[in-house]
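Structure record follows, encoded as structure tokens.
The values are calculated or read from the model by the stated rules, or taken from the named source; none is laboratory data. On a predicted model such as this, the values are computed, not experimentally measured, just so you know. All Cβ positions, glycine included, derive from the backbone under ideal geometry; neighbour counts span all protein chains shown.
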């Protein structure tokens, strides 16, 4: 298998006056292409710091981070921005959609930053929306979409640049149980298509949709295991009580 991500003694120390906060304490890990990994841990465990470094939003104090074989540990801000734009798709808990912009235009934004022409932007954005089941909703604004549909738009936006990896930070944190399962089904489907996904979650039921679970505590990895039988979204949805008519978004 091919390494998509590997780290070598990855360390992050924050200096707060006379104090040092050791957020990461020498992380050594490899993540292969096409993996679906859930990262868990309590507040202060280092999981968010690790995700920020993977997403090129921060740099390690010591150690190395290789993405597709390239050591990007000490890239400057412009170099990190280039990697983020070309190789990483982000999905956040709060969706981060522009309220006065249609679903299609929200998905097109990364392509706009890349300087893609109008025709390519439109084609790629429509394809991404189709992949998450939102064909026919292209011209809807965020306030015309349910929370689950807004998160689908955010997932489509993360896909539109054909990234090497999708990083999802608590992607179901603002969703109800049924909608959370539907969103996780989308991630599973994308992973089956060959897309590498790493998500942060504090929910064990959500982590169980992934194929590999990694747990952080006090800046170290305390568990790294393969999920033998990942959750099946359709089975879980069928087990839920039916939705009352007035509950439908």
Residue by residue through segment 102-117, note down the ones that are at pLDDT below 95, over 20 Å from the mean Cα position of the chain (by Cα) and either in a loop (DSSP other than H, G, I, E, B) or surrounded by 20 or more Cβ atoms within 10 Å (Cβ to Cβ) (or both). 115, 116, 117
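Would you point out which residue out of 169, 162 is closer than 15 Å to residue 88 by Cα, surrounded by fewer than 20 Cβ atoms within 10 Å (Cβ to Cβ) and in contact with a helix residue (DSSP H, G or I) (Cβ under 9 Å, 6 or more places away or on another chain)?
162
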Tell me, yes or no, whether segment 202-210 has at least one residue that is in contact with a strand residue (DSSP E or B) (Cβ under 6 Å, 6 or more places away or on another chain), buried (at least 20 other Cβ atoms within 10 Å of the Cβ), under 20 Å from residue 95 (Cα atoms) and in contact (Cβ under 8 Å) with a residue 12 or more places away in the chain. yes
Checking residue 152 against (1) at pLDDT 95 or above; (2) closer than 28 Å to residue 29 by Cα: exactly one of these is not met. Which one? (2)
Identify the single condition in (1) within 19 Å of residue 170 (Cβ to Cβ); (2) surrounded by fewer than 21 Cβ atoms within 10 Å (Cβ to Cβ) that residue 89 does not satisfy, given that it satisfies every other one. (2)
Report, by residue number, each residue of segment 59-74 that is more than 14 Å from residue 165 (Cα to Cα) and outside any loop (DSSP other than H, G, I, E, B). 62, 63, 64, 65, 70, 71
Hey, any hits in segment 184-191 for a residue that's out of contact with any helix residue (DSSP H, G or I) (no Cβ under 9 Å at 6 or more places or on another chain), over 30 Å from residue 13 (Cβ atoms) and buried (at least 16 other Cβ atoms within 10 Å of the Cβ)? yes
Among the residues of segment 28-61, write down those that are over 25 Å from residue 85 (Cβ atoms), out of contact with any helix residue (DSSP H, G or I) (no Cβ under 6 Å at 6 or more places or on another chain) and surrounded by 15 or more Cβ atoms within 10 Å (Cβ to Cβ). 45, 46
With 27, 31 as the choices, which residue is modelled with pLDDT of 95 or more and either more than 18 Å from the chain's Cα centre (by Cα) or over 14 Å from residue 5 (Cα atoms) (or both)? 27
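Let's see how each residue does on (1) within 28 Å of residue 242 (Cβ to Cβ); (2) modelled with pLDDT of 95 or more; (3) crowded, with 16+ Cβ neighbours inside 10 Å:
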site: 142; (1), (2), (3): yes, yes, yes
site: 145; (1), (2), (3): yes, yes, yes
site: 196; (1), (2), (3): no, yes, yes
site: 199; (1), (2), (3): no, yes, yes
site: 219; (1), (2), (3): no, yes, yes
site: 223; (1), (2), (3): no, yes, no
Qualifying residue in segment 146-166 (condition: in contact with a strand residue (DSSP E or B) (Cβ under 6 Å, 6 or more places away or on another chain), in a loop (DSSP other than H, G, I, E, B) and within 27 Å of residue 49 (Cα to Cα)): yes
Please go through segment 84-101 and pick out each residue that is in a helix (DSSP H, G or I) and at pLDDT 90 or above. 84, 87
